[in-house]
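Data block below; observations after.
The values are calculated or read from the model by the stated rules, or taken from the named source; none is laboratory data. The structure presented is a predicted model; accordingly, all values stated were derived computationally and were not measured. Methodologically, a virtual Cβ is constructed for each residue, glycine included, from the backbone with ideal geometry; neighbour enumeration extends over all protein chains shown.
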Amino acid sequence: MIRFLPLLWLAVFAASPASANEDDFNIWTGQFASVDISDDVYIRGEAQERFNNGADRLGQLLLRSFVGYRISKRVNLGGGYAYVLTDPIGPAKVNEHRFYQELNIRLIDSGGLTLDSRTRLEQRTFEEDGELAWRFRNFVQLRVPISKSNKLVAYTEPFITLNETPIQRRSGVAVWRNFLGVSVPVANGVDMVPGYLNQHVVRNGRDRSDHVANVNLFMNF
């Protein structure tokens, strides 16, 4: 599997936009739990804490829920709700209520190597802005075994805004995330995935590039 590593690196980071004008160091943590309700239905809950501005303050808190239905072994879909509190330096806090629909497809599953696609359509409303903002996201993740218990994890995800509102200020590609890390099992059904995430934010003024130390905990019950 070592022969995949150079190709994997190129696949993730070739999609990154050009270097931004501004840079920031962040620390992001996340906790994700998935529970099977039946053979076909499952629920997922998550919390994410994002420390920005040199990682010295909590700039964003995200709480998300989801109900999914398995159409087949490799395909599932569903929808959910997320609350997002964004607290930037200077501007006022923003309270977002986000509804979304999601389609998940396992494209490849062979010898421990998997390639997954997650397509998400979001309807975003803000307490500070009465207009409805639409956004499209497509997440593609590759997991490659590198030892008996560890996998290399890489993903790319563009965020495309579909309309303009006072808060969602531009349409088109607004954010692009790329990640490279390692999956580490810590208990039965529990994996920790530390790694590096680059988030390029496209703005009407100067773009920003966030360099993120990202640690997520995934729990399956």
Problem - Filter result for the condition that a residue is surrounded by 13 or more Cβ atoms within 10 Å (Cβ to Cβ), farther than 23 Å from ASN52 by Cα and in contact with a strand residue (DSSP E or B) (Cβ under 8 Å, 6 or more places away or on another chain), over ARG120, ARG98 - result: ARG120
Handout entry: Tally of residues being within 24 Å of PHE25 (Cβ to Cβ) and either modelled with pLDDT under 95 or more than 16 Å from the chain's Cα centre (by Cα) (or both) across segment 57-84
Key = 3
Fill in the blank from the handout: In segment 161-203, residues that are more than 30 Å from ALA92 (Cα to Cα) and in contact (Cβ under 8 Å) with a residue 60 or more places away in the chain total 1
Handout entry: Residue selected from segment 147-181 under the condition closer than 15 Å to LEU115 by Cα and of a type in the set (Val, Ile, Thr), by the criterion nearest to the chain's Cα centre (by Cα)
Key = THR156
Handout entry: Identity of the residue in segment 154-164, crowded, with 17+ Cβ neighbours inside 10 Å and of a type outside the set (D, E, K, R), that ends up farthest from VAL201 (Cα to Cα)
Key = ALA154
Handout entry: Residue check, ILE105 in contact with a strand residue (DSSP E or B) (Cβ under 8 Å, 6 or more places away or on another chain) and farther than 19 Å from ASN220 by Cα
Key = no
Practice task
May I ask you to list the residues in segment 91-109 that are at pLDDT below 95 and either over 12 Å from GLN168 (Cα atoms) or among the small types (Gly, Ala, Ser) (or both)?
Solution key: PRO91, ALA92, LYS93
Exercise for the section: Taking the residues in segment 112-169 that are over 29 Å from VAL75 (Cβ atoms) and among the small types (Gly, Ala, Ser) as candidates, determine which candidate is modelled with the lowest pLDDT. Expected result: GLY130
Problem - Members of segment 110-146 that are over 14 Å from the mean Cα position of the chain (by Cα), charged (D, E, K, R) and closer than 25 Å to ALA174 by Cβ - result: ARG124, GLU127, GLU128, ASP129, GLU131
Fill in the blank from the handout: Exception for ASN104 within (1) closer than 19 Å to PHE32 by Cα; (2) in contact with a Pro (Cβ under 9 Å, 6 or more places away or on another chain); (3) not aliphatic (A, V, I, L, M) falls at (2)
Practice task
Check VAL202, VAL212, VAL186, VAL193 and return the single one that is at negative phi, exposed (fewer than 15 other Cβ atoms within 10 Å of the Cβ) and among the β-branched types (Val, Ile, Thr).
Solution key: VAL186
Exercise for the section: Could you run through segment 47-62 and say how many residues are of a type in the set (D, E, K, R), surrounded by fewer than 17 Cβ atoms within 10 Å (Cβ to Cβ) and outside any loop (DSSP other than H, G, I, E, B)? Expected result: 2
